[in-house]
Structure formats: structure tokens, C-alpha cells
1. Can you name the residue in segment D:153-173 that is in a helix (DSSP H, G or I) and of a type outside the set (D, E, K, R) and, of all such residues, is nearest to the other protein chains (Cβ to nearest Cβ)?
2. State yes or no: is D:D303 free of Cβ contacts under 8 Å to residues at least 60 places away in the same chain, facing chain C (nearest Cβ under 10 Å) and either among the acidic types (D, E) or assigned to a helix (DSSP H, G or I) (or both)?
3. Examine segment A:322-330 for a residue that is within 12 Å of chain D (Cβ to nearest Cβ) and hydrophobic (A, V, I, L, M, F, W, C), and state whether such a residue exists.
4. Condition first: in contact with a Lys or Arg (Cβ under 6 Å, 6 or more places away or on another chain) and at negative phi. Now tell me which residues in segment B:248-266 satisfy that.
5. Scanning for something over 18 Å from D:E338 (Cβ atoms), of a type in the set (V, I, T) and in contact with a helix residue (DSSP H, G or I) (Cβ under 6 Å, 6 or more places away or on another chain), does segment D:72-81 turn up at least one residue?
6. I'd like to know if segment C:324-339 contains one or more residues that are over 29 Å from C:E30 (Cβ atoms) and at pLDDT below 95.
7. Open to solvent by less than 10 Å² (accessible area, probe 1.4 Å), within 13 Å of chain A (Cβ to nearest Cβ) and touching a residue at least 40 places away in the same chain (Cβ under 8 Å): does that describe B:L310?
8. Return yes or no: is C:V57 within 14 Å of another protein chain (Cβ to nearest Cβ) and either within 30 Å of C:Q185 (Cα to Cα) or part of a strand (DSSP E or B) (or both)?
There are 4 protein chains.
Amino acid sequence: MGRPSADTPIGTTHTLADVERAAAAVLPPEVRDFVAGGSGAETTLAANRTALDRVCVVPRALRDVSGCTTESTLLGRPVAMPVAVAPVAYQRMVCPEGETAAARAAKAAGVPFTASTLSSVPIEEITGVGGSVWFQLYWLRDTVRTLDLVHRAEDAGCAAVMLTVDVPWMGRRLRDVRNGFALPQGVRAANFAAADSTAHRRRGGASAVATHTAEAFSPAVTWDSVAALRAHTRLPLVLKGVLDARDARRAAESGVDAVVVSNHGGRQLDGAVPGIDALPEVAAAVAGGCEVLMDGGIRGGTDVLRALALGADGVLVGRPVVWGLATAGETGARRVLELLGDELRDALGLSGCSDVAAARELRTVRVPAGDGAAAAP
Amino acid sequence: MGRPSADTPIGTTHTLADVERAAAAVLPPEVRDFVAGGSGAETTLAANRTALDRVCVVPRALRDVSGCTTESTLLGRPVAMPVAVAPVAYQRMVCPEGETAAARAAKAAGVPFTASTLSSVPIEEITGVGGSVWFQLYWLRDTVRTLDLVHRAEDAGCAAVMLTVDVPWMGRRLRDVRNGFALPQGVRAANFAAADSTAHRRRGGASAVATHTAEAFSPAVTWDSVAALRAHTRLPLVLKGVLDARDARRAAESGVDAVVVSNHGGRQLDGAVPGIDALPEVAAAVAGGCEVLMDGGIRGGTDVLRALALGADGVLVGRPVVWGLATAGETGARRVLELLGDELRDALGLSGCSDVAAARELRTVRVPAGDGAAAAP
Amino acid sequence: MGRPSADTPIGTTHTLADVERAAAAVLPPEVRDFVAGGSGAETTLAANRTALDRVCVVPRALRDVSGCTTESTLLGRPVAMPVAVAPVAYQRMVCPEGETAAARAAKAAGVPFTASTLSSVPIEEITGVGGSVWFQLYWLRDTVRTLDLVHRAEDAGCAAVMLTVDVPWMGRRLRDVRNGFALPQGVRAANFAAADSTAHRRRGGASAVATHTAEAFSPAVTWDSVAALRAHTRLPLVLKGVLDARDARRAAESGVDAVVVSNHGGRQLDGAVPGIDALPEVAAAVAGGCEVLMDGGIRGGTDVLRALALGADGVLVGRPVVWGLATAGETGARRVLELLGDELRDALGLSGCSDVAAARELRTVRVPAGDGAAAAP
Amino acid sequence: MGRPSADTPIGTTHTLADVERAAAAVLPPEVRDFVAGGSGAETTLAANRTALDRVCVVPRALRDVSGCTTESTLLGRPVAMPVAVAPVAYQRMVCPEGETAAARAAKAAGVPFTASTLSSVPIEEITGVGGSVWFQLYWLRDTVRTLDLVHRAEDAGCAAVMLTVDVPWMGRRLRDVRNGFALPQGVRAANFAAADSTAHRRRGGASAVATHTAEAFSPAVTWDSVAALRAHTRLPLVLKGVLDARDARRAAESGVDAVVVSNHGGRQLDGAVPGIDALPEVAAAVAGGCEVLMDGGIRGGTDVLRALALGADGVLVGRPVVWGLATAGETGARRVLELLGDELRDALGLSGCSDVAAARELRTVRVPAGDGAAAAP
């Protein structure tokens, strides 16, 4: 697949924000809201961006960056850049091919794709694309089914299991509540039996997706669950949604391979600390005992650089890939990852880093306010 | 009383801010101003919100929250959530049943209702509703009448006395001054004799309520008053309006059962510190010697969580209950408390807390600016 | 003189900001700009307000404020409140009676009036009003004339000499430059001989007042000048425009009676520190060795309280008195001082202070941003 | 050349911001964008200004400033003020005479002019103007040509070599990318052979200037390059683009005569620390071992004062000189430098400094937010 034609909407995008605008122009409003929204007053959704903009990097000078590369490893395996596609449910809502298209884009970009438990394409079809696929696990009320899902992911060839630990139930996403949001017909959680779920039952003043989640997910996931999972699979194990350094340390001590410092993109606890603000303490606490990923608000190469400089091994990026899918399917998702890779290489080189390891040695300064958004050209 | 119909204005509210908008649509402008306004330039009124939005909570992961409950105790008695309805004067201004309706809503919600000295329904009628009623006391210029009021509250069955300590006189509430605000006919301080008061005498460029207050209240309430009150009643004693840690410590040493860290909702000293900013030092100073409540700007479950994480045992909520009353009487007030309870349970669970005690162990991070308001959906 | 009628513009003012708006409605634009403007980009002009709004006061509870008084002393003499009218040049520009009217208002309010070297009414006429008049001194290029002015002020009955130490020349006040501002005919520096001065010579792209100042004032005022002045007069000596703590300490050691922590209302060095931010260090440095006054942005009683809590003995207020003069002459200036006194008494009482001394023991907290202006009713 | 007539656009400018507006009115939009733009989201471009506005200076009082002078030295040679014109490429884009006119203005103002490697007038013509000309060096992929350029600059009479160390390639300047920006015909890198370069090849969705830069510049400039350059020329050597204190210390130890603390005007790494924020640590690290210059956002005399107070020996100013050129050629550039000199002398005097050395002893205070821009008259 070559570079998209400049005649297409995706072909004229030069930043992830451009892709966001392009997607907003084509998505039905309630789907756009489902993707964009956060919980509550969306304080945390906004804070994720503000917190990133406040991080200033101190570049190094006079280092040879002619061989500058974004290549790195995640969970011990080579990646083209220290980025993985974050798990996002129901991607067929924004593009007919859904996760298949996104996984192809990730493969082309050389980065892992994380398939959600709630993917709208069965996990086997996603891994069928090739490339590195991680399986995101929501712990279901039925433990047997939960562990069966893990087996199924293993059998399908997934390279890691990422347990989400911040969703005992879905946060109050008011846009969905006000829209009375429900899944469109034809889009469903494809890893589950085909029976119509509550996620399709439209009801005013409620989110059908939240209702379904409350029915299906366990609010009793604990460190015992992690131990059971650790015993149950040899795949690398990632915990997503760790913000307190004490939890991160315990994760490292529990044989977990990576934590994702995340507030779920501002979609769970409104008022939660931004991942980028929690990151330095988490990185210090695990002290190399496991990898540290981060997500929430990553919108460009500079954001990846900021996370690396504050101690991350890599980041996850979710919404932007969905914007790409919505705008131009696989081509669009690939455009997003290409832009991000180009921007990261640019940011590395301009900060005097020839690789990701060098970026982790950069110093940072925090300023009281980030001013970028208003001035963005 | 069941859930309000979705056809009604209150039935379509999903946040306390929704209820505020609904109330603004039905209240006469000068009553809306009386409820909403702060003193002076309203610096403190605005700061109360900003200060809350700056508090980021660090959630815990992997704790069983299936039994998550908002139940707690206040002043040693069980409550459905660590929230009490704050004292608000003259509630019949916004709803014919006034305090009676609000007290019923509080009872239904399982939280204490604080009846103001200036309630527009006699204290006996309020306690007649049942439920836990606290009596808010303004120290009058006539001490005998003051202590008589306390006796009367005791006899009526009140469960606590809350002495307001930050009103030697009313702050300069400029909205009322500009409106020449006076009590509407038919609304009066029902705990006092029926003679027409200055609070009804409309005069341009002055607040009749402030004039009345200046006549009636003592500006000489001291620690001796507290001692007298302590000796006078066996009811739990609460001091509302404590911001300096030295005063809080003295309160604990004086046999007071709780302090409310409060700037009176931005209605007394403009330029006063927000309660949430004063809270940690107060909590540290009393060191468990008495309970610590907080108020000012609480507009959702996340705000309650923030207060708990910073050391509060509970919070008071005033204006939102009045908005509920204004919009739909008892149903509206109950809706407000239900929303708050639902949001608090949500916030507890999403921060990995199965109860209020766990929330008090959460860590917090302060960011330079809170960004929620602008982004609220 | 009684309370102004509510039918007049001044009679409906309830805050100093109200008076500002009233004055803006009647002043010619270029005079309004002369009064309102700061130097350069007006960074410091704006910062003076922002810095005050960031200061939160921690009120005390349960102290008898029934006898609350704003009375205090300044330079060892009783004042009705710890406020003096700041020196402002050429007051006949805004009101025919000029400084005479303002001095009468100050006398009525029980506060000192500072007459500028550049007053548009001779100093003898100002002191003829009675009341406490301080003489503000600009050190002229001609030292003999400078000291003669001091003698003249003494003879006229002035109670203090206030040497301005931050005007080697006037700051670049761009509003005046763009307006090609010059003194209107009939308004002149009345303490000088009547010959027409350059201050009246209108020239595009320049401020005639600045030109005149550059000709008349000495840019070589030093500590030797202070010593000469100290030796020359027995009047209390005040230095206005001290921001560095080292200079304040030296002032105290030089027999100076007070320093005014001031950036000249944002009219001299754009980029200078706000007085309120410099105040604590200055107060600590002089350690009681002389009085510490502060000015810049004082717009209400809460601002006075903030300054007292941060270590000031009192404040100066300039522009608001001019707004009052412009709106309603002596009545207007008096209204401003009455409002300020009422607000200060209110602020003292609401913070649990029965007098000014108590206010100086209040604690303060600084928040990242002051939010008052936008919300002001 | 005398003062510009007040009838001309440049004659009515009183601040550098005025000149910016005047230039914006005459420049073609894409040239204006080329000059104004930053990289990425322009976070750093905006942060440069915000960071300066947050620096408050604490003026000194009572010092004789009658002989106040902006004269100083840069690289050991006298300058009329501690300012040099920053290197800016292709100045003939904004004015037919290009660098020649700007160099004449610098000579008239008594400050060094830095000629860019990419100047649109040959270096020999620029030095032909007289005055102090520094040669800015981009290290080319061809080292021989690079060192030849240095020889040529020496032969032409340049007074210093300034090696830019923050451009392994050009940052992603999105305005240029969106404009498909290319050099206008007739404007070229005049120090190179006349063959048409890629910098003229207009292509949608790309910056031809960036493409050309990527082809021509070496991304492998290292400390070895600095050593080679140091060995190759006896001219004073300046490194531009140093932000990390460790790099600054190494520069001083490598025989470098000055570093420029710079993020390239927000045009290279978006998210880089503002120079003014990096300056104090750099100044402390070099500890006098070399001179420390600073650039990025300098828009007036107060900004120069801020930099001096935070440890700089001087500053560079780029875009404002280009605005002057665009508005009125040499006259315009000279106006900019005159304004800056006048403002600096004003700022020095008003802060009690009779010279640049005194300014470096001033104290500073940082406030959370700079408020100047909105209020600028």
C-alpha cells in the first residue's frame, strides 16, 4: 500500500489533529461522541492534554543523529517504534472492516495491535492478518469464560495478554447517556455468542454499552486474578490502568511484564490523575522490574518523546487510529501510524537522540500552562 | 417515590449542573441570584470550583469493589453516603413546601438534613418528616433566645447542633444589593414570631436580608459561646466555617464533634481560601480529635471523593439541593441526592475503593489549572 | 456632606469597579487613557491585579468583632483606616476643583491625602482644606528648587514627605504616546511658575507629559539624596517605589519612616514585580524598622486585607479616587473612600479581626490563578 | 539616515508588535507564515512568549542612572547594546535588498549582524556594508565545503562563526507544509553555486525549503565537528541551540566563546524548553567559562532585561528585524533596533541599572501566568 493520494481527505492530513477533523466530518454524531467522549465533566479528558503540553523537553546538542531510528522493543520483541495500538471496542462502528483494517495498518507500521475483548471482529480473524497482536482482557463475571478467552487468544497466536484493571464497570460517559447510545445493528462483540446483547437495546437517558458492560464484567478483579492469569498463560502479561506507584511496584513483583500508566483516556474516573503526571513516580517505583507504558492524550511524536523522557518504555495510542479508520479505513489508520512514526523520528533527532534509549535520558521541565492548542496552525 | 419521569425537566437531568440549568429556567432572576451569588467580586465563589478541579486523585487498581458502598457514619450515626444537606435559609422561596420537601428528600436519600435558623418552615415541621435533622444555629444578639432555639431543636428531635461561626454579619452579596433584594411576601423566618421583619422591606441599593441579619445576629460569638453551647446541650456539636488549622485544633479540644471547613459557599469573605485548599491542614491539625466535614463547590461524586482523599469525613451540599427543589420540589431534591450518591459510588469503585474509609487513603496530585468546566458535555 | 443620592451615577455605585465604569463614561478618551494606562505591554499593570487575586486569606473563627474598627495609625498618627490617597498628578484634568476636592474627601474619610509635586492646585490650597496632607516629592534636576519645595510643603503644614524613587524618567506609556497626549489648557503644575511648559505642547507620537518629566526630573536620585532630605526636614520621610528587600532594609537603616512597596501602578518598568508579591520579603527585611505601605491594584477592602496579612501597615490607593473625582467631584472621591472603608471593615470582621493589628496575623495561601474578574457581578 | 517620517507605516510604530502588524499587512501570506511559523503544534513558539512574560524583575531604587547606557561587549568587542541580529535565511524574500539592508541597519545601530549560511546575498556583499558581521554556519553534508564556507567568511571579514547545533534537519513547520511553500524565483542561497535548488520546487503538502535543507545539511554534527572548527579558525566560535546545561559546560570546556540558549524560535523541536527557562541553569553551569546569549521571543527592552537578569550576556533578535525589513527595508530594520535600544535603556534605568552589568545582578520572581499580551495597548 503506497502513500495515500493527495486528492483524498486522508491524503491532505499532516497531523493527527487533521485526521481527527476529517473523521469528525464523516462519523455520525453519536459515534463521534462515543469515540471522543470522556466521563463526567470530562475534566480528566482535558487534563490529559494539558498535562502533556506542560512537559518541556531539554534537547541535547551535537550528537550524531544520522542513523536516528525509532526502532525499539516492547515486551521483548522488536517494534518499528515504541507505540502499540490501544484496545478500542467495536471498531466496525467506524469502518466496515473494523479491527481487521486497523490490524493490517499496525502490521504495516511494525507496531503491535491490541485487540479488545469487545472487538467487533473475532480475535482469530484479527490475528489472521499477521503481525503482532496483543489480546486485551476484560475479566468477565464468569471466570471460566474469562480464562477460555485467554486460551482462545493464545491459540489464535496473540503475543501478549493485557488485562484492563480500571473497569469494574464503565465510567459515566455523559455523551452516550444523553444520546441514549446503543450499538448499531450489525456491530457486536464478535468474540461472544451471537445472541443479541443489551448493548443494542436503545433506551433514552442511558448508554446501552454501559449497561451491557455492567452485566458482563466483574467488579471483583484483584491481585488474585492476576496470579491466576499469570499461572494460566505463558504469554507476556500487561496490566492496563495502573496509576498508583504502590500498585505498579506490586505488579512488577507479581511477574507482570508491563504496566500501562493510564486513566483509560479520561473515560473512567473523572478527576483521575493524568498518566503523564503519574508516570515518573511509577517508573521510579518499578525500577526496571517491568516495562512501563503510558497512554492518554498521545497526539504526536512530541508526546511520545515526553513520555519516554519521563520514564516510559512506550505508549499506546487509541482514538487517533480510530479517526484514521473512520476517514479512510486501513489507509487512514496507516496514515496515522506513519505520521506518528515520522513525527517521533523527527522529535528524537531534534532532541539529539539517535534512538529511544537516548530519549529516556532527556531532562524535562514543567511549565504552569501548556499553550499549544490555541496556537496550532 | 419512584424515578422521575423522563418527560419532566428533572427526569432528563444527568448531572447536578443539569439541575442547575433547569432551576435557572424557572426561578425568578433575583431569587436565582440570591441562591447563586457570592460576596464581593465572587473571587472565592469561583475559586471554590477551580480549587476542586485542580485536585487529581490517584486511583488504586485490582481491588474487589463488587460490594462498593457509599455508606458511612456522620457524627457517629449511619448515613447512606458521607453527605449532609447544608443549611440554606428561606427554602420556601424556591418551592412552596420549602424545607419540608427538602427534608423528605434527604430522608429518602438516607442523609442528614440541616435546618437553618432562618428556615421558612418551623423546625418542628421539618423534624416531623422523620429522618436525621441537624439544627443550624446563628447566635442571636439575644443569648436567651439563642439557647431557647437550641432547646426547641432538641425537643423537636434534632440530632445535632451546627453553629455557624463565620457570619458576624452577612457578606456583601452584590447581586442582592443591586437587585434591592427582599424576601417575597409569604416567606419568612418561621422559627421566629410572625411580625413582619426588615427582611421584607425592599429598598433600592441594599439587601433587606442582609439588613435583617445585621439586626438579629451577634457579631460577638466566641469560644465562650461554644463552651456555653457545649454545656447547654448533649447533642453533637458542629462548628461550621472553620478554615484556620489553629481554630480547628481548638475546636477538637473544646469538645466539638465536628468542624465544617467552609467559606460559606463564597458568600462571606471574598478572598477567603477555598475549603478544599484548607482541608488537608485542618485534617492534620485535628488528627482525629473530631470529625472534619467540608463544603463549597461540591457538584458531583468526584468532588466528594476529592474531599475524602484530602482528609474529610464527609461534605455538605447546599445549592444543588435548592436547584432540585426549584425544579421539581421533593422529587427534584431527591434527584440531586440520588445523582450524587450514584456518582459517589461510581467514583469510589473506579478509584478502587469499596468504601469511604478506603477513599481516605487515596493519594492526590494538584495540577496548576482545572480544565473541566469548559469541556463539560 | 451626606450620602449621594441614588438618582446620581455615583449614588448607584457599590464597588470601586462601578466607579471606574462611571468615570469611563464621562472622561475624554485620552484622559481616561492617561489615568488607566500602564507602561509598555501593560504586563505589570495586569499582573498587579492577578497577583492580588491569587492571595487567599485564611479567616479566623469565633472572635468577637462587635467592636471591629478600621482605625489604625500611619506614620504614627491616627487614621480612620490604613489607607492613604496616593499621589496623582494634574487632578484638575478630571474635575475642576482637582486636588482640593480630593483632599476634602480624604479629610472627610479620615485618611491622609498625598499631594503630588505635579499637583494642579498649589500645595498651600490643598493643605488649606485641613486634614492630613503628605507631600510627594519628585527630585528635580535643580536641587535647590527641590529642597525649596520641601520647605514650602512644611510651611504649608504637610505632615510627611514622600520621595518617589522609581521615576528617573517616565515609563513608556504607550497610550499617551499613541494619543500624542498633552495637558489640556488650564491644567498645569501649580507648584511651579506659570510659564507654559512642554507638558502642553502636543506632538504626534509622543507624550508631552513624559517630555516635560524628562526635562524636569533628576535621574540621579540616590541614597545621598535621601540623606540630604533626611537632614533637611523633620517631617516623617517616606520612600515610594521600593521593591527589593535590600533597598528596604537600607531605607530602614537610613532613618526613613516608611517605604511604599510599589511599581508605580504598572506605569514605570513594565515587567516589574507586583508590589503584593514583593511585600512579604520587604516586610521581613525591615523587621519593624520602618512602616511598610504597598500600592498597585488595590480595588477593594479584600485587597487591603490581603496586603495587611502579607505584612503591610497600610496601602495607597490612587486611580479609584480619580475615578470618583471624575464621576462626581468631592462626592465621588468620598464615595470611593467610604466604599473602601466599609469593605475593609467588612473584610476585617469576616476574617475574625476586630482591628488592623489582628489582620496582620492572618495566614494566606497562594493559588495558581485568580478567578475573580470574570465572575464579578 | 534620520528618523522615519511619521507619515509612513514604519514612522507610526512604537513597539516591535506594531512593526509585526505593519509587516503582516504587506507580506504575502505564505511568506508571512514562513517567517512567523513554528514547528508542530507551535507549543514552543507560544511558550517562548509565555515564559518571558512570567519573569518579573525586582528593580533597585536610588541609584544614579543619569549616565545609563546600553553599551556592552559581545565576544569581547564593544556593542551599542547587548543584542545581535539573529541569523535568518533568505531575507530577500521580504525586501529586495535583503541582508544588505539589514546589515546596514545593524551597523547603524551598533550591533552585530549574523549572516546566515542561507543568506540570499553573498557573504562578501554583506560584510561589504561594514560593521560587525558574524557568520552563521550550517554544517553541510560535504565537510570540505563547510570549512570552505568558514574560510570564505573569514576572508570576507566576518568577526565570528556561529555554528547552529539544533538543525540536523528542519523541524516540521506545518504552515509551510500546508502552503506547499517554496522559495520565490529570484531568491536563492547566494553563498552557493547558482544552480536551481530543490528549495524552489513547489510541491503540494511539502516545504521545499525543508526538502532542500534535508539534502544539504549534515545530521551528524558532533563535538568532533566543534573541535575541527575550533582548530580551523581563529575567529570567536559561538554554538547556537544549546539548552542542556551539560552541553553548555562542555562547550565552555571546548574553547567555545559563547553559547546561544535557543530553541530556534520554536521552529525545531516542538515541545522544547523555552530558552528563558533553560537560561539560569546554563549560566550557572558555564560559570563564566564562555559568554551566554539567549534568543526566542525577545520582543522588547523588558525581554532583554529579563534575559540579563537571568544570567545572559546578551540576546539575539530575528523575526522583528525581518518585520522591519518587510515594512520599510533598511529604515524599518533600523527602526526595530532603535526601538529595542530605546526600550532597553528605559528598562535599565527604570530598574536602577546604569549599565548592563548592573542588570545581571537584579533579582527575579516567576509568576504562574504572564498577562501582558491580552492587555497590550
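1. Start the filter on segment D:153-173 by keeping residues that are in a helix (DSSP H, G or I), which leaves D:153-156.
After this cut, where a residue has to be of a type outside the set (D, E, K, R) as well, the list is D:153, D:156.
Details: D:A153: 20, D:A156: 26 Å.
Within segment D:153-173, the match that is nearest to the other protein chains (Cβ to nearest Cβ) is D:A153.
2. Numbers: free of Cβ contacts under 8 Å to residues at least 60 places away in the same chain: no; facing chain C (nearest Cβ under 10 Å): yes; either among the acidic types (D, E) or assigned to a helix (DSSP H, G or I) (or both): yes.
When the stated conditions are applied, D:D303 does not pass them.
3. Keep residues of segment A:322-330 that are within 12 Å of chain D (Cβ to nearest Cβ), which gives none.
Within segment A:322-330, none of the residues are within 12 Å of chain D (Cβ to nearest Cβ) and hydrophobic (A, V, I, L, M, F, W, C).
4. Applying the first criterion (in contact with a Lys or Arg (Cβ under 6 Å, 6 or more places away or on another chain)) to segment B:248-266 yields B:255, B:260, B:262.
Residues satisfying the conditions are B:V260, B:S262.
5. No.
6. Let us first name the residues in segment C:324-339 that are over 29 Å from C:E30 (Cβ atoms), namely C:338.
If we keep only those that are at pLDDT below 95 as well, we get none.
No, segment C:324-339 contains no residue that is over 29 Å from C:E30 (Cβ atoms) and at pLDDT below 95.
7. Details: open to solvent by less than 10 Å² (accessible area, probe 1.4 Å): no; within 13 Å of chain A (Cβ to nearest Cβ): yes; touching a residue at least 40 places away in the same chain (Cβ under 8 Å): yes.
In short, no.
8. On the way: within 14 Å of another protein chain (Cβ to nearest Cβ): yes; either within 30 Å of C:Q185 (Cα to Cα) or part of a strand (DSSP E or B) (or both): yes.
Judged against the criteria, C:V57 is a match.
The values are calculated or read from the model by the stated rules, or taken from the named source; none is laboratory data. Quick caveat: nothing in here was measured; it's all calculated off a predicted structure. Every residue, glycine among them, receives a Cβ derived from its backbone with ideal geometry; neighbour counts consider all protein chains shown. The accessibility values were calculated without ligands, DNA or RNA, using every heavy atom of the protein model including side chains. Shrake-Rupley method; radii C 1.70, N 1.55, O 1.52, S 1.80 Å.
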